[in-house]
Amino acid sequence: MQDELLLEEELQDEEMYPTVEGEGIGRFYRRMLIKILLIWGILLLLSFEYYLLEEKQILSHPVEAFVEETELAVHFLMAGATAKLRPVTSFAELKPLVIRAGRLMGISPHQGILDARLTDAGRVLIWTAADEKGRQHTITGFIGEDGSVSLDIQTTYWGVDAKIKDTSRELYLAASCFGKVTATRLEVEGTVVCQRNDNPEKWVQQWRLRDLEVTRMGSAVRLRGVTSDLATRRGQEVPFTLSFVPTGETRGRLTLSVGT
């Protein structure tokens, strides 16, 4: 009778405190290890992205970095991208592509002006409209006499909240939806503090320059050249034009244009 009571107590203890087999423990530790590795990997990735953005600025736009370095108060931004399209031969085939590009930029199909032209170079379809953000867009479809077909998206924005990196990326992604992007361009204009005796060439002294041309027209200065420091892709060189026109004793209007 006593043995039966002891056996019953042991069975009750096993029900209340079940024994974990060795195989179950192994699976448990493997799951925990995988979770720890995933969390560690995510934290490492986030810290690396922060390092790139804050320390090396590799992921920032080079023109945006120039604006911050010169403390340029931007009040005008223009960005554009051109893509090569599949072969089309008429306005009827070109129009849906132009409308689709405009919708990608946030334009309603019922807004703006659509203009079709016949030129010596070929057929041109231009859609000009503004979006809800106050940006002006010009979408141009072109069918050349040589059979080439292209789509160009251009955005202009006036105001202090111009977002250089976001706008240029948005246009590039929109243009790449239609074909290979063959050219991009970017222009910023604003006011900058510059003493009368300062040399505007100081803004480009640290760049890796090629074919630099300096033109002076009175107190105004225009610089033209080629550099890799304004390119968004490593190893690429881009042409640039930088002009400065004094507007007072300590300020001036600076315009930087970059194209590929």
Going by the structure shown, is residue 239 surrounded by 12 or more Cβ atoms within 10 Å (Cβ to Cβ) and under 19 Å from residue 64 (Cβ atoms)? yes
Which of (1) outside any helix (DSSP H, G or I); (2) at pLDDT 95 or above does residue 88 not meet, given it meets every other one? (2)
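One line per residue, one yes/no per condition, for (1) in contact (Cβ under 8 Å) with a residue 40 or more places away in the chain; (2) small (Gly, Ala, Ser):
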{"site": "155", "(1), (2)": "yes, no"}
{"site": "158", "(1), (2)": "yes, no"}
{"site": "162", "(1), (2)": "yes, yes"}
{"site": "173", "(1), (2)": "no, no"}
{"site": "177", "(1), (2)": "yes, no"}
{"site": "180", "(1), (2)": "yes, no"}
{"site": "188", "(1), (2)": "yes, no"}
{"site": "191", "(1), (2)": "yes, no"}
{"site": "203", "(1), (2)": "yes, no"}
Taking region 133-179 on its own, how many of its residues are surrounded by 13 or more Cβ atoms within 10 Å (Cβ to Cβ) and assigned to a helix (DSSP H, G or I)? 10
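Condition check: closer than 25 Å to residue 64 by Cα and of a type in the set (Asp, Glu). Does residue 120 satisfy that? Spell out the reasoning first.
Working: closer than 25 Å to residue 64 by Cα: no; of a type in the set (Asp, Glu): yes.
No.
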Of (1) under 29 Å from the mean Cα position of the chain (by Cα); (2) crowded, with 17+ Cβ neighbours inside 10 Å, residue 255 satisfies all except one. Which? (2)
Can you confirm whether residue 155 is touching a Lys or Arg at 6+ places or on another chain (Cβ under 6 Å), modelled with pLDDT of 95 or more and among the polar types (S, T, N, Q)? yes
Pull up region 63-75, narrow it to residues that are more than 17 Å from the chain's Cα centre (by Cα) and open to solvent by 30 Å² or more (accessible area, probe 1.4 Å), then point me to the one that is farthest from residue 200 (Cα to Cα). 75
Meets criteria (more than 30 Å from residue 148 (Cα to Cα) and open to solvent by 70 Å² or more (accessible area, probe 1.4 Å)) for residue 229: no
Pick from region 117-132 the residues that are within 19 Å of residue 84 (Cα to Cα) and of a type in the set (A, V, I, L, M): which of them is surrounded by the most Cβ atoms within 10 Å (Cβ to Cβ)? 125
Does residue 212 qualify as being open to solvent by 70 Å² or more (accessible area, probe 1.4 Å) and either closer than 20 Å to residue 65 by Cα or not basic (Lys, Arg) (or both)? yes
More than 27 Å from residue 134 (Cβ to Cβ), modelled with pLDDT of 95 or more and of a type outside the set (Ser, Thr, Tyr) - does that describe any residue in region 64-84? yes
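The values are calculated or read from the model by the stated rules, or taken from the named source; none is laboratory data. All figures in this text were calculated on a predicted structure; none of them were measured in a lab. Here Cβ is always computed from backbone atoms with ideal geometry, including for glycine, and neighbour counts include all displayed protein chains. Accessible surface areas use protein heavy atoms only, side chains included; no ligands, DNA or RNA. Shrake-Rupley method; radii C 1.70, N 1.55, O 1.52, S 1.80 Å.
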